[in-house]
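**Q** Have a look at the structure that comes next, please.
The values are calculated or read from the model by the stated rules, or taken from the named source; none is laboratory data. On a predicted model such as this, the values are computed, not experimentally measured, just so you know. Positions of Cβ are generated from backbone atoms using ideal geometry, with glycine treated the same way; all protein chains shown enter the neighbour counts.
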Amino acid sequence: MLSTLDIVVIVAYLLALLWMGYKVSKRVNSADDLFTASNEVPWWMSGISAYMTMFSSGTFVIWGGIAFKYGFVAVSICMTHGLAALITGYFISARWRALGVSSAGEFVRIRFGNTATDAFTWLNLLSRIIGVSVSIYAMAVLLTALIEIPIGSLFSDGNGKLSVQWGVIIVGIVVVGYTVLGGLWAVLLTDILQFIVLIAVTSITVPLLFSHMGGISAALGSLPTEHFNWTTVDYPFLFLAGWTTLISLKIGGEWAFVQRSICVRTPNDAKKANLLFGTVYLITPIFWMLPPLLYAGINSDAAQGQAYILAVSSVLPVGLSGVMLAAMFSATASMADSEINVFSGAITETYKRIKQNASQKDLVRVGRIFTSLLGIAIIGLCLLIPKLGGVERLVLSGVSLLVGPMIMPVVWSLLSRRISLSAFWIVIAISFSASFILKYVLPGSIDSQGFVAQIAQWVDANKNLSEQVSGLLIPFITLSILEIRGRTKDTTDKGWLAVEAFRKEHGMSMNTRFTGSLPTDYSNYTLIGGFIIAIACFMTLITLFASTDKLIVFVFAAGLLLIGVPIFRKGKRSSNL
């Protein structure tokens with residue numbers, strides 16, 4: 001259970017996020033400020049933000065659960081995210097910035113027209129609302145499992161714990177609140193702070209777990225031998241290859257990630273941001289999947305989805321459990337606020353198209369209203385999630401079945417002049433039909449005879465691979481046929497010509513470079529450095545309450561001070577020049 005100090009830490013952290021949103025709200029004077037940060041974001045900030053956008057409480061519940069149950073295969077899966085970001089960085093991200101568009105939605109409108117934009121916006125919006133709702137609900141479950149509330153209280157679930165419904169409402173309001181206030185600047189800055197918290201606390205958790213288990217050799221020796229396999233029957237190499245492709249499409253075409261490429265200053269910065277994202281994501285999974293993986297050697301009977309929080313709470317001193325829960329909240333908030341900001345921007349763009357004489361002040365106001373409405377919709381769906389089940393299956397199926405049909409045509413059309421609006425609809429129609437057959441028709445044929453029954457049995461035995469066939473291979477084959485057909489006829493879609501005309505007027509060369517600093521850089525350093533110093537001071541304070549492992553906590557606090565003080569001083573010194 002959480003101590004009083006842990007609860008104080010969590011409340012203080014949530015208030016700090018809202019304060020951050022208020023602080024950067026002063027930068028928001030236009031719709032560009034709200035949704036693209038006026039393309040003034042440093043590449044390193046965009047890269048870390050993209051890294052955090054890939055996180056959510058689902059990372060701890062789903063991948064952490066897989067690490068607990070299967071072992072190092074969870075590290076393999078997470079490392080594919082890093083490889084995917086590197087692929088996207090080399091081939092796609094710079095193209096987005098060079099176009100000069102303000103969002104992926106604007107590109108779709110220029111490339112395919114208003115009808116496709118509206119359809120694509122609402123399809124993606126529905127998909128991401130589900131994803132964000134799952135993440136916020138998972139975070140609420142983690143939060144409520146550790147907070148005791150007197151039975152009979154309005155906030156109690158009847159068993160002496162905070163009710164999940166109130167947990168959802170609290171988490172949802174905080175996430176939506178600072179996104180409404182600060183827009184993309186709030187999202188980016190809190191991503192950096194959340195990254196720091198996550199890394200700092202996990203850095204303490206891993207050595208504490210090894211110490212608790214009697215050392216590295218004893219800890220690893222307590223694990224089942226199959227935990228050291230990097231692939232399993234359920235997650236073979238073919239699954240990892242397909243998953244890498246799906247995540248490459250997700251990073252290259254999903255709107256929240258596209259925004260990370262658009263908000264920077266130059267195409268070269270967009271490329272560097274994704275390369276940083278990929279490099280860090282290749283290195284860190286082995287590090288932050290260790291807690292649930294090692295916990296299998298402590299309590300192999302624990303609930304799979306709770307392994308991560310049980311692992312860290314079993315070794316962290318009083319107060320730091322609250323910090324870790326705050327870090328988990330951070331991961332969820334990062335993903336959720338990114339999605340909310342991007343899609344409220346897309347809807348605002350539609351409003352701007354309808355009301356062309358709207359002022360920037362009107363667009364900011366409307367953008368904040370749409371952000372609030374999306375947040376309310378997400379909170380409402382979260383409250384309905386208890387009627388649904390299988391979060392792990394839901395996430396795997398959602399990515400496998402939806403990312404390919406919705407994102408692949410957009411990424412392909414970014415690179416090819418032959419993909420037309422009709423191709424967009426053909427891919428969606430064929431892929432969604434195949435997915436419907438896979439999920440609802442074939443299961444009824446398992447007990448029959450013949451070829452269809454054999455396919456149904458293979459699908460049932462290989463759920464992960466079969467969903468990738470429907471969501472990845474079929475869209476790829478369809479687009480390949482349409483591409484070959486276009487090459488045979490040597491056609492150039494009119495949407496491609498429209499994009500090229502837009503790029504010449506609003507875009508920039510792929511080789512454009514930016515040198516120097518902007519005023520916002522200095523305030524970023526001050527805010528980030530100050531937050532690191534605050535975390536370091538708090539960790540030092542924790543040593544006064546800890547009965548054991550004081551030295552480890554103090555060493556990491558000192559390390560954070562060595563990082564935070566120079567960053568803070570740089571911001572203060574530079575702002576006075």
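**Q** Restricting the first residue to the stretch 494-518 and requiring it to be part of a loop (DSSP other than H, G, I, E, B), which pairs with a second residue that is at pLDDT below 75 and surrounded by 13 or more Cβ atoms within 10 Å (Cβ to Cβ) meet a Cβ separation below 9 Å and a spacing of at least six or different chains?
**A** Taking only residues 6 or more apart or on different chains, the pairs are Ser517/Ser574; Leu518/Glu40.
To keep it simple, each residue is scored yes or no on (1) at pLDDT 90 or above; (2) in contact with a helix residue (DSSP H, G or I) (Cβ under 9 Å, 6 or more places away or on another chain); (3) among the aromatic types (Phe, Trp, Tyr); (4) not in a helix (DSSP H, G or I).
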site	(1), (2), (3), (4)
Ile251	yes, yes, no, no
Val258	no, yes, no, no
Asn268	yes, yes, no, no
Lys271	yes, yes, no, no
Phe277	yes, yes, yes, no
Tyr281	yes, yes, yes, no
Phe287	no, yes, yes, no
Pro291	yes, yes, no, no
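**Q** Among the residues in the stretch 565-574, are any modelled with pLDDT of 80 or more and more than 20 Å from Trp44 (Cα to Cα)?
**A** Checked against the condition, which is being modelled with pLDDT of 80 or more and more than 20 Å from Trp44 (Cα to Cα), the stretch 565-574 yields no hits at all.
**Q** Okay, moving on. Sort through Phe68, Phe72, Phe60 and tell me the only one that's at pLDDT 90 or above and within 21 Å of Leu325 (Cα to Cα).
**A** Phe68
**Q** Follow-up. Name the single residue that is farthest from the chain's Cα centre (by Cα) among those in the stretch 417-457 being of a type in the set (S, T, N, Q) and either over 30 Å from Arg109 (Cβ atoms) or buried (at least 18 other Cβ atoms within 10 Å of the Cβ) (or both).
**A** Checked the stretch 417-457; the qualifying residue farthest from the chain's Cα centre (by Cα) is Gln449.
**Q** From the list Ile151, Ile130, exactly one residue is over 30 Å from Ser416 (Cα atoms), without any contact (Cβ under 8 Å) to a residue 40 or more places away in the chain and surrounded by fewer than 19 Cβ atoms within 10 Å (Cβ to Cβ). Which is it?
**A** Of the residues listed, the single one that is over 30 Å from Ser416 (Cα atoms), without any contact (Cβ under 8 Å) to a residue 40 or more places away in the chain and surrounded by fewer than 19 Cβ atoms within 10 Å (Cβ to Cβ) is Ile151.
**Q** Can you say whether Leu2 is in a helix (DSSP H, G or I) and at pLDDT below 75, as far as the supplied structure shows?
**A** So Leu2 does not fit the description; no.
**Q** Can you say whether Gly242 is more than 27 Å from Trp96 (Cα to Cα), surrounded by fewer than 24 Cβ atoms within 10 Å (Cβ to Cβ) and out of contact with any strand residue (DSSP E or B) (no Cβ under 8 Å at 6 or more places or on another chain), as far as the supplied structure shows?
**A** No: the conditions fail for Gly242.
**Q** Looking at the stretch 166-175, is at least one residue among the aromatic types (Phe, Trp, Tyr), surrounded by fewer than 24 Cβ atoms within 10 Å (Cβ to Cβ) and modelled with pLDDT of 80 or more?
**A** yes
**Q** What's the number of the condition Thr115 fails, among (1) among the polar types (S, T, N, Q); (2) closer than 30 Å to Gly319 by Cβ; (3) more than 24 Å from the chain's Cα centre (by Cα)?
**A** Checking Thr115 against (1) among the polar types (S, T, N, Q); (2) closer than 30 Å to Gly319 by Cβ; (3) more than 24 Å from the chain's Cα centre (by Cα), the one that fails is (2).
**Q** Among the residues of the stretch 433-467, write down those that are of a type outside the set (Asp, Glu), in contact with a Leu (Cβ under 7 Å, 6 or more places away or on another chain) and either closer than 22 Å to Ser422 by Cβ or in contact (Cβ under 8 Å) with a residue 24 or more places away in the chain (or both).
**A** Ser435, Asn464, Leu465, Ser466
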